[in-house]
Amino acid sequence: MAQFSNYILVCGGTGCRASHSEHIITALRKELDEAGLSDQVQVIRTGCFGFCEQGPIVKTVPDNTFYVSVKPEDAEAIVREHIIKGRKVERLLYVAPDTGRHVSDSKHMEFYKPQVRIALRNCGFIDPENINEYIARDGYAALGKVLEMRPEEVIREIMDSGLRGRGGGGFPTGLKWKITREVQADQKYVVCNADEGDPGAFMDRSILEGDPHSIIEAMAINGYCTGASKGMIYIRAEYPLAIHRLEVAIAQAREYGLLGDDIMGTGFSFDIEIRYGAGAFVCGEETALIHSMEGKRGEPTVKPPFPSESGYKGQPTNVNNVETYANIPPIILRGAKWFSSIGTEKSKGTKVFALAGKVNNVGLIEVPMGTTLREVIFDIGGGIKNGKKFKAVQTGGPLTEKHLDTPIDYDNLLASGSMMGSGGMIVMDEDDCMVSVAKFYLEFTVEESCGKCTPCRIGNKRLLEILDRITKGKGTEEDLTELKNLAGVIRDSSLCALGQTAPNPVLSTMDNFWDEYVAHVRDKSCPAHQCRDLMSYVIDPKVCKGCSLCSRVCPTNAISGVLKQPYSIDQTVCIKCGTCMDKCKFGAISVR
């Protein structure tokens with residue numbers, strides 16, 4: 001890379017690719033060719049920069065100019081103005097909403113300021129398909145260091161760091177490694193759980209797309225520590241870009257002697273293969289995942305024995321998720337003391353979140369444990385879209401305004417009636433109906449249940465039926481009592497975490513939005529005007545001008561009247577599509 005004087009980094013993550021970042025790369029290279037600068041300026045396809053709301057993103061190095069919402073046709077201006085003339089293209093710079101000023105360096109953006117990027121350290125900085133760029137940023141140095149240490153020393157370092165599993169359970173990572181190491185067996189396995197399926201979650205996918213070598217290196221370190229010689233990455237087939245980049249990275253690591261036999265001449269042998277999942281959410285649970293890899297139905301089993309003792313093919317198997325592995329190399333290189341200095345007493349380090357929903361700055365973020373929800377949503381996230389009022393945020397159960405100053409860590413979220421989860425964070429505003437939100441998540445878990453245990457298979461279906469009745473105005477007060485009781489039974493008696501956490505949205509919304517449930521049952525109304533069976537569109541005769549536009553756009557001819565006289569809506573024919581209210585120029589139509 002030394003022969004180039006300038007670099008243009010272009011986001012090559014799934015989100016930006018969907019917005020034509022590949023065409024931007026092609027256009028930039030074409031402009032550089034025409035300007036005779038291809039031997040001086042290199043265009044590099046990177047992973048996700050994180051600021052998805054502003055994508056596609058293009059960054060120039062070494063001056064660190066950060067361009068947002070770039071289109072292929074902007075390539076000419078970036079090359080002609082910025083690269084050749086040294087003038088920033090102002091119209092492509094980020095505009096700070098509080099000051100209205102252009103910001104050219106991401107370090108000065110409120111979205112990035114509070115973040116500490118450890119797991120995401122290389123995403124947006126390197127070409128994920130170039131092992132040399134990973135090595136240039138200390139890649140595989142941790143593996144080299146580990147191979148000169150005793151496995152027990154490495155495990156102790158991981159334990160002292162306080163790293164806990166980032167897949168949702170929060171089990172101490174070093175302890176899991178220690179247990180796997182202590183079990184005697186001729187063959188052991190290391191597994192990376194990349195079966196990310198939570199609604200709104202894209203953390204693991206982005207790490208694999210932007211920094212696949214960090215996962216390979218961490219798995220090799222795990223293999224050395226636990227005594228495993230084989231590694232498997234279980235990834236859902238719906239992640240084609242992540243799979244491709246993993247395949248490239250594994251091939252490169254083998255070519256460089258960093259996977260395979262006698263790694264770095266130490267006698268340690270370790271290799272990795274990819275196993276594909278069919279998109280079953282329950283296979284995110286480690287025993288169900290293992291059964292799927294064995295070619296069996298993806299169902300969980302009772303623990304103990306834990307996979308660390310008896311896992312894949314009955315052999316000791318260490319399972320960690322993508323984000324957990326991404327933290328391992330920096331812990332080895334910078335030390336347990338450094339990592340444990342970040343975060344809270346019982347939750348060390350950082351956490352990656354996929355911030356989505358009704359928030360201005362949708363994106364991938366990484367913050368120290370202990371950061372409050374208020375900081376995430378209103379500082380990093382830029383507040384709620386369209387000036388609406390914040391209502392709740394879904395992690396492992398909706399949290400409300402009273403929880404905004406709650407530090408984000410495993411224990412505080414559990415105490416608040418939620419849980420860390422894998423990192424999907426969906427923000428909701430005043431227009432969201434919390435009964436409908438609970439119903440949405442129940443629909444998901446009912447669909448994804450493997451059906452092995454009765455509480456999850458039958459109980460969650462009953463919960464969904466009750467919620468469906470309530471949102472249609474057919475619920476009773478007895479339904480509310482049954483809803484809460486049944487949710488508690490399912491939580492306490494389901495076999496795996498899918499069933500155990502499925503009632504969380506129900507219990508949390510009932511605790512925090514009881515009035516909404518009561519309104520649906522007693523008043524047969526939806527305060528947020530989201531449940532179609534409980535809402536109606538009405539025309540105010542004092543405001544209606546009789547222009548007939550609403551009648552002309554109504555798809556069911558539910559609106560009738562005489563020109564220049566107030567029109568009316570036949571509620572028996574209206575399908576509550578809202579087209580009339582959207583088209584009315586006088587604000588005469590409202591929803592009740």
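The values are calculated or read from the model by the stated rules, or taken from the named source; none is laboratory data. Bear in mind the structure is a predicted one, so any value in this text is a computation, not a measurement. So basically every Cβ, Gly included, is an ideal-geometry build from the backbone, and we count neighbours across all protein chains shown. Surface areas here come from the heavy atoms of the whole protein model, side chains and all, with no ligands, DNA or RNA. Shrake-Rupley method; radii C 1.70, N 1.55, O 1.52, S 1.80 Å.
Quick one, what does Rg over Rh come out to for the stretch 134-290 if you take C-alpha atoms and the Kirkwood Rh?
0.94
Which one, ILE207, CYS554, ILE57, projects farthest toward the positive side of the charge dipole computed for the chain from Cβ point charges (K/R +1, D/E -1)?
Value computed over the given set: CYS554.
Between Rg and the Kirkwood Rh of the chain, both from Cα atoms, what is the Rg to Rh ratio?
For the chain, the value is 1.02.
When the distances between all Cα atoms of the stretch 314-470 are binned every 5 Å from zero, what whole-number percent does each bin get?
Pair shares across the bins are 2, 8, 15, 17, 17, 15, 13, 8, 4, 2, 0, 0.
Within the P(r) computed for the stretch 461-503, what percentage of the Cα pairs occupies the region above 11 Å?
Tail fraction, whole percent: 63.
Using the Cα atoms of the stretch 1-61, I'd like the radius of gyration and the largest Cα-Cα distance, Dmax, both in angstrom.
Gyration radius and largest Cα-Cα distance of the stretch 1-61: 11.7, 34 Å.
Quick test of the membrane-span-like rule: which DSSP H helices of the chain reach at least 18 Å along their long axis (C-alpha atoms) with mean Kyte hydropathy at least -0.5?
Both cut-offs are met by 212-226, 240-255, 322-334, 434-448.
Looking at the chain only, what percent of DSSP beta bridges run antiparallel? Nearest 5 please.
So the antiparallel bridges in the chain amount to around 55 percent.
Write down, largest first, the equivalent ellipsoid semi-axes of the stretch 373-414 in whole Å, where each equals the square root of 5 times an eigenvalue of the alpha-carbon gyration tensor.
Over the Cα atoms of the stretch 373-414, the ellipsoid semi-axes are 19, 11, 8 Å.
Of the trypsin sites (Lys or Arg not before Pro) in the stretch 488-547, which ones lie in a loop per DSSP and count no more than 13 other C-beta atoms within 10 Å?
LYS542
Suppose every Lys and Arg Cβ carries +1 and every Asp and Glu Cβ carries -1, with no other charges. What dipole size does the chain come out with about its Cα centre, to the nearest 20 debye?
Dipole about the Cα centre, nearest 20: 1400 debye.
Can you compute log10 of I(q)/I(0) for the stretch 78-153 with the Debye formula, treating each Cα as one identical point scatterer, at q = 0.11, 0.22, 0.24 Å⁻¹?
Log10 I(q)/I(0), no solvent term: -0.53, -1.08, -1.10.
What length, rounded to one decimal in nm, is gained on full extension from ALA237 through to SER269, with 0.36 nm per residue of separation minus their alpha-carbon distance?
8.7 nm
Please give the calculated 222 nm ellipticity per residue for the chain, where each DSSP H segment of at least 4 residues contributes -39500 (n - 2.57) and the sum is spread over every residue; nearest 500 deg cm²/dmol?
-9500 deg cm²/dmol
Please report Rg (one decimal) and Dmax (integer) in Å for the Cα set of the stretch 394-440.
Considering the stretch 394-440 through its Cα atoms, Rg and Dmax are 10.8, 30 Å.
I'd like the Karplus ³J(HN,Hα) series for the stretch 388-396: coefficients 6.51, -1.76, 1.60, θ = phi - 60°, whole numbers in Hz, and an x wherever there's a Gly or Pro.
6, 8, 5, 10, 6, 9, 9, 10, x
If each residue of separation counts as 0.36 nm, what is the full-extension length gain between ASN557 and LYS385 once their alpha-carbon separation is subtracted?
Gain on extension, ASN557 to LYS385, equals 58.6 nm.
By how many nm would the segment from GLU247 to ALA141 lengthen if fully extended, with 0.36 nm per residue of separation less the alpha-carbon distance?
Once the chain is fully extended between GLU247 and ALA141, it gains 36.0 nm.
I want to check the label-to-label distance for GLU255 and LYS472. Put each point 7 Å from Cα in the C-beta direction and report it in nm to one decimal.
5.9
Whole-Å semi-axes of the stretch 445-553's equivalent ellipsoid, largest first, each the root of 5 times a Cα gyration tensor eigenvalue?
After diagonalising the Cα gyration tensor, the semi-axes are 37, 15, 10 Å.
Between ASP411 and SER340, what is the spin-label point distance in nm, taking each point 7 Å from the Cα along the Cα→C-beta axis?
For the pair ASP411/SER340, the computed spacing is 1.5 nm.
Could you state the accessible area per residue of the chain in Å², with a 1.4 Å probe and every protein chain left in place?
For the chain, the per-residue accessible area is 42 Å².
Using the crude model of +1 on Lys and Arg Cβ and -1 on Asp and Glu Cβ, and no other charge, please compute the dipole size for the stretch 135-223 relative to its Cα centre, in debye to 20.
Once rounded to the nearest 20, the dipole reads 220 debye.
Extent of the stretch 249-321 along each principal axis, from alpha carbon coordinates, in Å, largest to smallest?
Computed over the stretch 249-321, the largest-to-smallest principal extents equal 41, 26, 19 Å.
Once you have all Cα-Cα distances for the stretch 1-157, histogram them in 10 Å bins from zero and send the whole-percent values.
P(r) over the stretch 1-157, rounded to whole percents: 10, 36, 32, 13, 7, 2.
For the pair ALA96 and GLU34, how long in nm is the line joining their label points, each one 7 Å along Cα→Cβ?
Each label point lies 7 Å from its Cα, and together they span 3.6 nm.
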